[in-house]
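**Q** Okay, here's the structure, questions in a sec.
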Amino acid sequence: MSVILACFFIWTVVNSLFLVPLPKRSVFTDRPLVSVLVPLRNEERNVKRLVRSLKQLTYEPIEFLLLDDQSTDRTYELLQQETKGDDRFTLLQGKALPDGWAGKVHACHQLAQQANGVYLFFIDADVELKPTVIEKLLTVATTYDAKLVTGFPSFHPRSLPLVGKWLVPLQHFFILFHLPLVFANYTNMRATTAAHGACLFFERTAYEAIGGHASVKQELVEDVMIARKMKERRYRVILANVSTHVVCYMYETNKEVWAGFLKNVYIGLNRSPFFVLLLTMFYGIFYVTPLISASLSLVYGATYALPLAIIIAQKAYVEWKTERSISTCYWMPVSAAAFIVLMYASMRAKRYEWKGRTYT
């Protein structure tokens with residue numbers, strides 16, 4: 001067990017070398033107009049932080065388009081207050097959701113139709129951006145001739161509820177452990193595709209060539225699906241380590257965490273019971289049982305605690321690489337167990353509810 005887990009750790013370190021870093025220096029010749037596009041639905045708690053973050057961006061020329069997607073709270077009112085007097089901001093009110101569309105996808109589609117930029121930068125309302133993020137993304141796009149640059153944001157554990165501490169940081173773990181990044185970043189293989197809706201930086205011509213968000217209008221995991229569409233057209237997609245420049249404040253309650261992951265996990269596994277069973281066995285054996293074996297170390301010696309030490313070290317490396325923190329690495333066996341439960345709950349769910357909308 002310890003030898004196998006040590007190999008997993010080594011693989012994670014090697015694989016992480018192919019995660020493209022954001023450059024320390026920004027290098028590009030032209031300064032095209034960039035449109036920052038943000039869908040918002042019942043996001044009143046995030047509006048002030050979002051707008052403050054956008055105002056601090058240093059890139060020019062830039063425009064901000066913020067769409068209130070049929071919110072039932074004070075989202076639009078707060079947007080008006082926070083953006084007043086800044087002509088870079090355009091506020092839009094979303095249309096009613098048509099049949100056959102997922103809510104966020106339809107909001108992004110409307111935003112893209114109103115944007116003027118050469119590059120379209122889609123973000124979520126719960127993110128906070130570092131001032132130079134656009135310069136960094138544009139440098140990656142031009143350096144690698146990428147038509148889409150994406151990446152997983154960092155998540156501050158202190159802002160997460162308990163279940164969030166178990167599940168949210170696993171996103172980075174899955175990418176660095178399970179996704180062969182050399183194929184993700186240097187080939188057009190659809191199966192080796194990952195993306196995050198909190199950071200989607202498109203070249204507009206390529207985005208429009210694949211049909212934009214309309215091409216994935218029914219998808220709940222639209223970020224991955226639209227990245228796959230880009231690869232199908234042989235456009236370069238780069239998965240970068242954006243965690244230093246994009247911070248996400250995803251959930252405030254355990255209920256939100258559970259509902260958010262519930263709608264994505266089984267769909268993300270292609271609705272495959274086989275994958276659920278396979279991952280249950282894998283994570284049960286390699287990431288839950290080390291906690292059990294560690295308890296035997298009190299009787300049979302420290303060797304039985306070694307598997308637990310290795311998986312904690314593996315998780316700590318992932319968090320250091322992407323989160324700039326190792327504060328949740330000790331939860332790894334509990335995180336693995338929670339993920340197993342989540343997979344079965346997601347598989348058994350007949351419908352998914354999110355922000356007042358129901359999907360099947």
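**Q** Averaged per residue, what accessible area in Å² does the chain show with a 1.4 Å probe, protein chains only?
**A** 45
**Q** For the chain, what relative contact order do you get, as a whole percent, if you take Cα pairs closer than 8 Å and at least 6 residues apart?
**A** Relative contact order of the chain: 21 percent.
**Q** Please state, to two decimals, what the Cα-based radius of gyration of segment 210-360 comes to when divided by 2.2 N^0.38 Å (N = residues).
**A** 1.26
**Q** Between Ile4 and Thr253, what's the calculated FRET efficiency when r is the beta-carbon distance and R0 is 30 Å? Round to 0.05.
**A** Once the sixth-power term is evaluated, E becomes 0.20.
**Q** Follow-up question, since we're still on this one. Please list the equivalent ellipsoid semi-axes of segment 1-45, computed as the square roots of five times the alpha-carbon gyration tensor eigenvalues, in descending order and whole angstrom.
**A** Ellipsoid half-lengths, sorted descending, are 38, 23, 7 Å.
**Q** To continue, here is another question. What order do you get for 52-60, 84-92, 233-241, 166-174 when each peptide is scored by the mean count of other beta carbon atoms within 10 Å, highest first?
**A** Per-residue Cβ counts within 10 Å, averaged per peptide and sorted highest first, yield 166-174, 233-241, 52-60, 84-92.
**Q** How big is D, in µm² s⁻¹, for segment 196-279 by Stokes-Einstein at 10 °C and 1.306 mPa s if Rh is the Kirkwood radius over C-alpha pairs?
**A** After rounding, the answer is 107 µm²/s.
**Q** Where does segment 108-153 land on Rg(C-alpha)/(2.2 N^0.38 Å)?
**A** So the Cα radius of gyration is 1.23 times the expected 2.2 N^0.38 Å.
**Q** Another question, then. Per the Kirkwood treatment, what hydrodynamic radius in Å, one decimal, follows for segment 28-101 from the mean inverse distance over all distinct Cα pairs?
**A** So the Kirkwood estimate lands at 13.3 Å.
**Q** Among all the lysines, which ones have a C-alpha under 30 Å from Lys147's C-alpha, if same-chain residues fewer than 8 places away are not counted?
**A** In chain and number order, the partners are Lys24, Lys55, Lys95, Lys104, Lys130, Lys136, Lys217, Lys229, Lys231, Lys263, Lys321.
**Q** If you don't mind, another one. Find the Cα radius of gyration of segment 1-139, compare it with 2.2 N^0.38 Å by division, and give the number to two decimals.
**A** Computed over Cα atoms of segment 1-139, the ratio equals 1.31.
**Q** Right, something else. Can you work out the base-10 log of I(q)/I(0) for segment 298-353 at q = 0.23, 0.28 1/Å, using the Debye formula on its C-alpha atoms alone?
**A** -0.89, -1.01
**Q** Going by Cα centres, segment 223-240 and segment 299-360 are how many Å apart?
**A** 27
**Q** If the convex hull of the alpha-carbon atoms of segment 68-160 is projected onto planes in all directions, what is the mean projected area in square nanometres?
**A** Its average projected convex-hull area is 8.5 nm².
**Q** Which residue, Asn185, Asn116, Asn270, tops the fluctuation ranking in a GNM of the chain built on C-alpha contacts under 10 Å?
**A** Comparing Asn185, Asn116, Asn270 in the GNM, the peak value goes to Asn270.
**Q** Could you calculate the contour length gain from Gln218 to Glu77, that is, 0.36 nm times the residue separation minus the distance between their Cα atoms, to one decimal place in nm?
**A** Difference between extended and current length: 47.8 nm.
**Q** Cβ under 10 Å from Val242's Cβ, Val242 left aside: what net charge do those residues give with Lys, Arg +1 and Asp, Glu -1?
**A** Net local charge, Val242 excluded: +2.
**Q** Please report the carbon-and-sulfur percent of the accessible area for the chain; probe 1.4 Å, protein heavy atoms only, DNA, RNA and ligands left out.
**A** After summing per-atom areas, the C and S share lands at 58 percent.
**Q** With just the Cα atoms of the chain, tell me how far they stretch along each of the three principal axes, in Å, largest first.
**A** So the three principal-axis extents are 69, 44, 35 Å.
**Q** Considering only Ile285, Ile340, Ile310, give the residue with the highest GNM mean-square fluctuation for the chain, with springs between Cα atoms whenever their separation is below 10 Å.
**A** Per the Cα network of the chain with a 10 Å cutoff, Ile285 tops the list.
**Q** May I pose another question? Figure the gain on full extension for Arg348 and Ala309 (residue separation times 0.36 nm, minus the Cα-Cα span) and round it to one decimal in nm.
**A** Additional length available on full extension: 10.7 nm.
The values are calculated or read from the model by the stated rules, or taken from the named source; none is laboratory data. All values derive from a computational prediction rather than experimental measurement. With ideal geometry, Cβ positions are generated from the backbone for all residues, glycine too; neighbour counts draw on all protein chains shown. Side chains included, ligands, DNA and RNA excluded: accessible areas come from the protein's heavy atoms. Shrake-Rupley method; radii C 1.70, N 1.55, O 1.52, S 1.80 Å.
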